[in-house]
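Participant: One structure, as structure tokens, below. Some questions next.
The values are calculated or read from the model by the stated rules, or taken from the named source; none is laboratory data. What you are looking at is a predicted structure, and each value in this text was computed from that prediction instead of being measured. Quick reminder, even Gly has a Cβ in these numbers, built from the backbone with ideal geometry, and neighbours come from all protein chains shown.
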Amino acid sequence: MNRQKSDLAALAGHGKDLWKLFRFDVANPHSWSKYRQLKAVGRRTGAKMLIETGTFLGNTSMRCSKAFDQVVTIELDPELHQRAKSFLSTRRNVECILGDATKKLPEVLVREECSQAVVFLDGHFSSGETAHGDVPEPACELLSSLGQFKDKICAIVVDDFRLFGVEAGWPRKSELLIAAEEIFGDYRLAVHLDQLLIERISAN
């Protein structure tokens with residue numbers, strides 16, 4: 001599917017989500033709705049940078065490259081990484097990194113130039129072409145490692161909240177919420193559109 005058709009399909013899915021939201025019936029939002037949520041989180045928190053775990057085909061990074069000054073995306077699977085890197089080659093503000101997010105994410109955040117970031121945790125195994133790391137869903141481990149970089153993080157968005165405690169090997173929803181509260185208890189926590197939102201509370 002070319003980029004134009006992909007965007008049209010995403011917009012059509014977003015339209016369906018808006019109708020479902022009107023009816024209070026959104027269980028699994030489409031990709032454009034999730035992009036709009038990331039964009040809104042960035043705007044609310046004043047973020048300049050998006051760090052994504054789980055590049056997959058690069059659609060989220062492509063869209064977010066127009067909403068954030070810089071995008072860094074991490075993919076475990078070498079073939080998916082190469083495909084996404086080629087797809088994103090025209091976006092000068094996107095950096096594609098190959099590797100395990102549990103190791104690469106701290107390496108990105110420790111950089112001096114890294115600040116005012118939204119971290120999008122979407123690097124889990126979802127069957128099909130998606131990559132499988134040491135654990136199917138490492139969100140709790142990643143939250144633990146992110147705690148030391150709170151001064152650089154405006155927000156964290158954890159995708160597919162509905163699947164926690166449902167998919168094999170995934171932590172329970174309560175485990176994810178406890179981890180978020182223990183490490184980011186001074187942030188605002190909410191679940192919206194199938195995502196856990198962890199946002200720094202503005203001084204305003």
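Participant: Of the residues ARG91, ARG44, which is of a type outside the set (S, T, N, Q), surrounded by fewer than 18 Cβ atoms within 10 Å (Cβ to Cβ), touching a residue at least 12 places away in the same chain (Cβ under 8 Å) and not in a helix (DSSP H, G or I)?
Facilitator: ARG91 is the lone residue from the list that is of a type outside the set (S, T, N, Q), surrounded by fewer than 18 Cβ atoms within 10 Å (Cβ to Cβ), touching a residue at least 12 places away in the same chain (Cβ under 8 Å) and not in a helix (DSSP H, G or I).
Participant: Could you please tell me which pairs satisfy a Cβ distance under 6 Å, a separation of 6+ or placement on different chains, a first residue in segment 9-21 that is modelled with pLDDT under 85, and a second residue that is surrounded by 15 or more Cβ atoms within 10 Å (Cβ to Cβ) and not in a helix (DSSP H, G or I)?
Facilitator: Short answer, once both residue conditions are applied: GLY13/HIS30; HIS14/HIS30; ASP17/VAL26; ASP17/PRO29; ASP17/HIS30; LYS20/VAL26.
Participant: Go through (1) crowded, with 19+ Cβ neighbours inside 10 Å; (2) modelled with pLDDT under 95; (3) of a type in the set (A, V, I, L, M); (4) in contact with a Lys or Arg (Cβ under 7 Å, 6 or more places away or on another chain) one by one and return the number of the condition ALA131 breaks.
Facilitator: Status for ALA131: all satisfied but (4).
Participant: So, of the residues in segment 156-170 that are within 15 Å of THR53 (Cα to Cα) and touching a Phe, Trp or Tyr at 6+ places or on another chain (Cβ under 8 Å), which turns out to be surrounded by the fewest Cβ atoms within 10 Å (Cβ to Cβ)?
Facilitator: It comes out as VAL157.
Participant: Are any residues in segment 4-40 aliphatic (A, V, I, L, M) and closer than 22 Å to CYS96 by Cβ, and if so, which ones?
Facilitator: Within segment 4-40, ALA10, LEU38 meet the criteria.
Here is a yes/no grid of residues against (1) part of a helix (DSSP H, G or I); (2) buried (at least 16 other Cβ atoms within 10 Å of the Cβ):
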position	(1), (2)
LEU57	no, yes
THR73	no, yes
HIS81	yes, yes
ILE97	no, yes
GLU113	no, no
LEU146	yes, yes
